[in-house]
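Comments concern the structure below.
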Amino acid sequence: MAGQNQIFLGTFIHSKALDELEYFHETAVLVDKEGKIVRIERGYDLEKARENLFPGLGWSSEDVAVHVCRDGQFFFPGFVDTHLHASQYPNVGIFGKSTLLDWLITYTFPLEASLSDPAKARSVYTRCIRKTLSHGTTCAAYYATIDVAGTNLLADLCLAAGQRALVGRVCMDRLSPDWYRDADAAGAVAAARASIEHIRRRDPSGTLVRPVITPRFAPACSEELLRELGRLAAETDLPVQTHISETEAEVALVGQLFPDGGSYAQVYDGFGLLTRRTILAHAVHLTDDEARLVAARGAKVSHCPCSNSAITSGEARVRRLLDLGVACGLGTDVSGGYSASVLEAARLASLVSRHVAMGGDERAKLSVEEVLFLATRGGAEVVGLEGTVGAFEVGMEWDAQLVGLARVDAAGEVGDEDDGNVDVFGWEKWDEKVAKWLFNGDDRNTKKVWVRGRLVHERK
Ligand code: GUN
Ligand code: FE
């Protein structure tokens, strides 16, 4: 509960490094009224912790809520979804045999355009936020639509629900039909500014919700629009999000539309859109030179394996991006991706990396530890919240999920609670339990979710 000191007791698991999970057992994590982790006591006697409430902190027992995780449960950092379209949530699973450019025309633009109806936008955005929270997503980088009122509503709903978010009003002045497009660059930039101002008024410190400059992708933006949005990024120092090199046809289209622009990454760079705060979704067909440019600018990549598989865009080579120094996180890319679950994205990142490995690059395989890093700590870096969320460290904020797995007893029974597909027999080591959760888990295992210390989801 916000506004109260809290003590969380039990087992905590987080990423210490890309390839290492750290396990703390019999541990107390103390969270202050602002939702900040102020102390971590390892190897603590849980019963004693309930009684003496850590002398020296000045916390009185009336002032402290104590949360104990049951045997077999554990606390894990909340997931960061570095790329999804809240406006496309009703289309999850609906993509037929399409690929990107026909998918946009057939499924996506009509749905996004229809959200200019405020009632529809409210229902879609409310549901999307509830669903992502239920999957443990404590922070999301959202695309809304070109509609300013709807984009602003999405930001307001995130604030009300307590989900940390980047919210972007989509800018696009070409490629799409005229019923879903900015009339010109000036109008698009004015609309982007209007939404930025609204979000800043609602959350002036940007603690929970921040605006993000959102050119849809180069083919949908005129040179003038890209130039103006690059200027806006320089003026405001705000984050930028867009798509890059998702499909080969799109890369070819960029070559045609920007004949003097160089590579796809150079096109963005030429307009000042590759910054330390830029989130590039996909990067499936990026060349090594482009990856080096992205790394040099400090821009980040959102890897979206569900989407890349569903709409057959290709296999991003995450190991290579990491080797070249590009920071990566995971995106569900709803609704190119069919699932709003970052756990599903992590599992698919593992499988896609195995497909890359089967193509001849054995090193490409990502481990359980690595994909869970991308889902948490890596994602935090991608959205500019490194050191604030993504792990359990003093000074970080309590964005966390309580995970429960079904314990099978001697008679082969499990308890009353619905723990989904993850059966644990009791002999598994902790890293094996985590692997079982990664590959078989879902929202039934996500019992509670907190953002900045506030309980934002509880599974009934
Ligand atoms: N490229 C341009 N727009 C989109 C979109 O909405 N989804 C995906 N996956 N790629 C895009
Ligand atoms: Fe996308």
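Residues with amide H under 5 Å of Arg39's amide H, sequence separation 5 or more or different chain, H placed in the peptide plane at 1.01 Å from N; which?
Those lying under 5 Å, H to H, from Arg39 are Leu30.
With N set to the number of residues, divide the alpha-carbon radius of gyration of region 49-179 by 2.2 N^0.38 Å and report two decimals.
Scaled against compact globular proteins, the figure is 1.45.
Per residue and in cubic angstrom, what volume does the convex hull of the Cα atoms of region 260-412 have?
Value for region 260-412: 155 Å³ per residue.
May I ask you to derive the FRET efficiency for Asp416 and Ser123 from their Cβ-Cβ distance with R0 = 56 Å, giving the value to the nearest 0.05?
Once the sixth-power term is evaluated, E becomes 0.95.
Which percent, to the nearest 5, of DSSP beta bridges fully inside the chain are antiparallel?
45
With only alpha-carbon atoms in the gyration tensor, what are the semi-axes of the equivalent ellipsoid for region 289-337, in Å, largest first?
The answer is 21, 11, 8 Å, longest axis first.
Averaged across orientations, what area in nm² does the convex hull of the alpha carbons in region 340-393 project?
Result: a mean projected hull area of 4.2 nm².
For region 1-102, just the Cα set please: Rg and Dmax, both in angstrom.
Spelled out, the Cα radius of gyration and Dmax of region 1-102 are 19.7, 63 Å.
Using per-residue counts of other Cβ atoms within 10 Å, averaged over each peptide, order 391-399, 357-365 from highest down.
391-399, 357-365
If packing is taken as the mean number of other Cβ atoms within 10 Å per residue, what is the order of 408-415, 134-141, 291-298, 308-315, highest first?
Result, highest mean first: 134-141, 308-315, 291-298, 408-415.
How big is D, in µm² s⁻¹, for region 134-262 by Stokes-Einstein at 20 °C and 1.002 mPa s if Rh is the Kirkwood radius over C-alpha pairs?
141
So what are the ³J(HN,Hα) numbers for region 337-351, from phi and the Karplus equation (6.51, -1.76, 1.60; θ = phi - 60°), rounded to whole Hz, Gly and Pro as x?
Result, ordered by residue: x, 8, 10, 8, 9, 6, 4, 5, 4, 5, 5, 6, 4, 5, 5 Hz.
P(r) tail for region 203-286, what percent of Cα pairs lie past 22 Å?
Considering region 203-286, 23 percent of its Cα-Cα pairs are separated by more than 22 Å.
Taking the inverse of the average 1/r across all pairs of different Cα atoms in region 342-460, what Kirkwood radius in Å do you get?
Final number for the Kirkwood radius of region 342-460 is 16.0 Å.
Given a cut-off of under 8 Å on Cα pairs at least six residues apart, what relative contact order in percent is computed for region 349-434?
14 percent.
Treating each Cα of region 256-339 as an identical point scatterer and ignoring solvent, apply the Debye formula and state log10 I(q)/I(0) at q = 0.10, 0.21, 0.24, 0.25 Å⁻¹.
With no solvent term, the Cα-only Debye profile gives -0.24, -0.97, -1.15, -1.20.
Near the amide H of Thr278, under 5 Å away, which other amide H atoms are found, from residues 5 or more places off or on another chain, if H is placed in the peptide plane?
Val240, Lys300
Report Rg(Cα)/(2.2 N^0.38 Å) for region 396-460, keeping two decimals.
In units of the 2.2 N^0.38 Å rule of thumb, it is 1.22.
Report the normalised scattering of region 126-181 as log10 I(q)/I(0) at q = 0.13, 0.23 Å⁻¹, calculated by the Debye formula with identical scatterers on the alpha carbons.
With one equal scatterer per Cα and no solvent, log10 I(q)/I(0) is -0.36, -0.84.
Based on the Kirkwood radius over alpha-carbon pairs, what is the Stokes-Einstein translational diffusion coefficient of region 250-301 at 25 °C with 0.890 mPa s viscosity, in µm²/s?
Answer from the Stokes-Einstein relation: 222 µm²/s.
Once every Cα of the chain carries one equal point scatterer and solvent is ignored, give the base-10 log of I(q)/I(0) from the Debye formula at q = 0.07, 0.11 Å⁻¹, two decimals.
One equal scatterer on each Cα of the chain leads to -0.34, -0.83.
Pairs of Cα atoms under 8 Å, at least six residues apart: use those to get the relative contact order of the chain, whole percent.
Contact order relative to length: 19 percent.
Using a Förster radius of 41 Å, what is the FRET efficiency between Glu47 and Thr312 based on their Cβ-Cβ separation? Nearest 0.05, please.
0.15
Going by amide H atoms built from the backbone, whose H comes under 5 Å of the H on Phe95, apart from near neighbours?
Residues meeting the amide H criterion: none.
In whole Å, how far is the Cα centre of region 115-181 from that of region 1-45?
32
Bear in mind these aren't lab numbers, they're just calculated from the coordinates by the rules spelled out. Small disclaimer: the values here were computed from a predicted structure and weren't measured. As a convention, Cβ positions derive from the backbone with ideal geometry for all residues, glycine included, and neighbour counts pool all protein chains shown.
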